[in-house]
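Asker: Before I ask anything, let me first share the structure, which is written out below as structure tokens.
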Amino acid sequence: MNHLIIYAHPHEGSFNNAILDTTVNALKSKGHEVHVRDLYSLGFNPVLSPADTAALRAGNPPADIAAEQAFLAKADFITFIYPIWWTGLPAILKGYVDRTFSYGFAYQYNSEGGIDKLFSGKKGLLINTHGTPSEIYDSIGMSQSLKQTSGGGIFEFCGIEVVDQLLFGGVTSTTDETRKDMLAQVEKKFNSL
């Protein structure tokens with residue numbers, strides 16, 4: 001299976017980086033083909049410009065968008081790994097979605113007024129970390145909102161079947177043992193695919 005990982009965290013040595021390593025190792029141990037697109041390392045430009053929009057509408061995506069769309073098109077399974085910042089995606093990842101999950105590539109409207117989900121047949125998983133303890137996010141409905149906006153509003157909107165969304169809270173204040181348990185959950189999830 002061709003597995004694409006979109007990774008968005010600026011710091012080497014972060015817990016998100018440990019999640020990425022765990023994910024890659026688990027997938028490779030099962031014989032999956034794995035491609036990692038580290039948006040910060042790539043220096044990905046997250047700004048959707050008027051020139052980008054015009055080029056996409058003309059069916060001639062700029063080179064950086066076309067390169068990422070080639071990875072997305074080939075992927076059977078797409079995983080996003082990112083921290084929750086201000087209750088959402090980091091700007092670089094939001095810009096990645098804005099620029100690459102474009103109209104006519106990831107979705108389009110049909111003659112009946114419905115949406116053609118052009119990523120149908122693909123599966124996806126989202127892995128998020130946040131500093132707020134999970135119990136707080138769960139109690140105020142934030143965990144469910146995060147699943148709805150990213151899983152539903154991005155992946156499912158384009159036809160990607162969401163296998164799961166792992167939300168790890170309190171990562172900045174928890175123990176190393178708890179973080180090891182979180183990594184074990186990641187490994188178990190990918191070993192079960």
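Asker: When the residues of the range 128-145 are narrowed to those that are of a type in the set (Ser, Thr, Tyr) and closer than 9 Å to Gly169 by Cβ, which ends up modelled with the highest pLDDT? Write out each step before concluding.
Answerer: So the first thing to find is which residues in the range 128-145 are of a type in the set (Ser, Thr, Tyr), and the list is 129, 132, 134, 137, 139, 143, 145.
In the following step, the residues that additionally are closer than 9 Å to Gly169 by Cβ were identified as 129, 132, 134, 137, 143.
Numbers: Thr129: 97, Thr132: 93, Ser134: 94, Tyr137: 94, Ser143: 94.
The extreme case among them is Thr129.
Asker: What are the residues in the range 95-128 that are basic (Lys, Arg) and farther than 21 Å from Asp164 by Cβ, if any?
Answerer: Arg99
Asker: Separate question: For the structure I just gave you, tell me whether Ile154 is closer than 22 Å to Ala70 by Cβ and modelled with pLDDT of 95 or more. Steps first, please.
Answerer: Details: closer than 22 Å to Ala70 by Cβ: yes; modelled with pLDDT of 95 or more: yes.
So Ile154 fits the description; yes.
For every residue, the table says whether it meets (1) crowded, with 18+ Cβ neighbours inside 10 Å; (2) out of contact with any strand residue (DSSP E or B) (no Cβ under 8 Å at 6 or more places or on another chain); (3) under 26 Å from Gly152 (Cβ atoms); (4) not charged (D, E, K, R).
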residue	(1), (2), (3), (4)
Leu27	yes, no, yes, yes
Pro50	no, yes, no, yes
Thr53	no, yes, yes, yes
Leu56	yes, no, yes, yes
Asp76	no, no, yes, no
Ile92	yes, yes, yes, yes
Asp98	no, yes, yes, no
Gly104	no, yes, yes, yes
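Asker: Further, regarding this structure: List the number of the failed condition for Val34; all other conditions in (1) out of contact with any His (no Cβ under 8 Å at 6 or more places or on another chain); (2) crowded, with 17+ Cβ neighbours inside 10 Å hold.
Answerer: (1)
Asker: If Thr87 satisfies all but one of (1) touching a Ser or Thr at 6+ places or on another chain (Cβ under 8 Å); (2) polar (S, T, N, Q); (3) surrounded by 18 or more Cβ atoms within 10 Å (Cβ to Cβ), what's the number of the condition it fails?
Answerer: (3)
Asker: If the Cβ limit is 9 Å and pairs must be 6+ apart or interchain, which residue in the range 173-193 that is free of Cβ contacts under 8 Å to residues at least 24 places away in the same chain and among the polar types (S, T, N, Q) pairs with which residue that is surrounded by 11 or more Cβ atoms within 10 Å (Cβ to Cβ) and in a helix (DSSP H, G or I)?
Answerer: Thr174/Met182
Asker: Quick one: would you say Lys123 is of a type outside the set (Val, Ile, Thr) and surrounded by 15 or more Cβ atoms within 10 Å (Cβ to Cβ)?
Answerer: yes
Asker: Out of everything in the range 154-193 that is of a type in the set (Phe, Trp, Tyr) and out of contact with any helix residue (DSSP H, G or I) (no Cβ under 6 Å at 6 or more places or on another chain), what residue ends up being surrounded by the fewest Cβ atoms within 10 Å (Cβ to Cβ)?
Answerer: Within the range 154-193, the first condition is being of a type in the set (Phe, Trp, Tyr), and the residues that meet it are 155, 157, 168, 190.
Now narrow it down to the ones that are out of contact with any helix residue (DSSP H, G or I) (no Cβ under 6 Å at 6 or more places or on another chain): 155, 157.
Values: Phe155: 26, Phe157: 15.
By that ranking, first place goes to Phe157.
Asker: Could you tell me which of the residues Ala73, Ala91 is modelled with pLDDT of 95 or more, out of contact with any helix residue (DSSP H, G or I) (no Cβ under 8 Å at 6 or more places or on another chain) and over 24 Å from Asn16 (Cα atoms)?
Answerer: None of the others qualify; the one that does is Ala73.
Asker: For Leu118, state whether it is at pLDDT 95 or above, over 24 Å from Ile140 (Cα atoms) and among the aliphatic types (A, V, I, L, M). Give the steps one after another, and end with the answer.
Answerer: On the way: at pLDDT 95 or above: yes; over 24 Å from Ile140 (Cα atoms): yes; among the aliphatic types (A, V, I, L, M): yes.
Here the answer is yes, as Leu118 does meet what is asked.
Asker: While we're looking at this one, here's another question. If you go through the range 137-151 one residue at a time, how many are farther than 19 Å from Leu125 by Cβ and among the charged types (D, E, K, R)?
Answerer: Adding up the residues that qualify gives 1.
The values are calculated or read from the model by the stated rules, or taken from the named source; none is laboratory data. All of these numbers come straight from a predicted model, not from anything done at the bench. Positions of Cβ are backbone-derived with ideal geometry, glycine not excepted, and every protein chain shown enters the neighbour counts.
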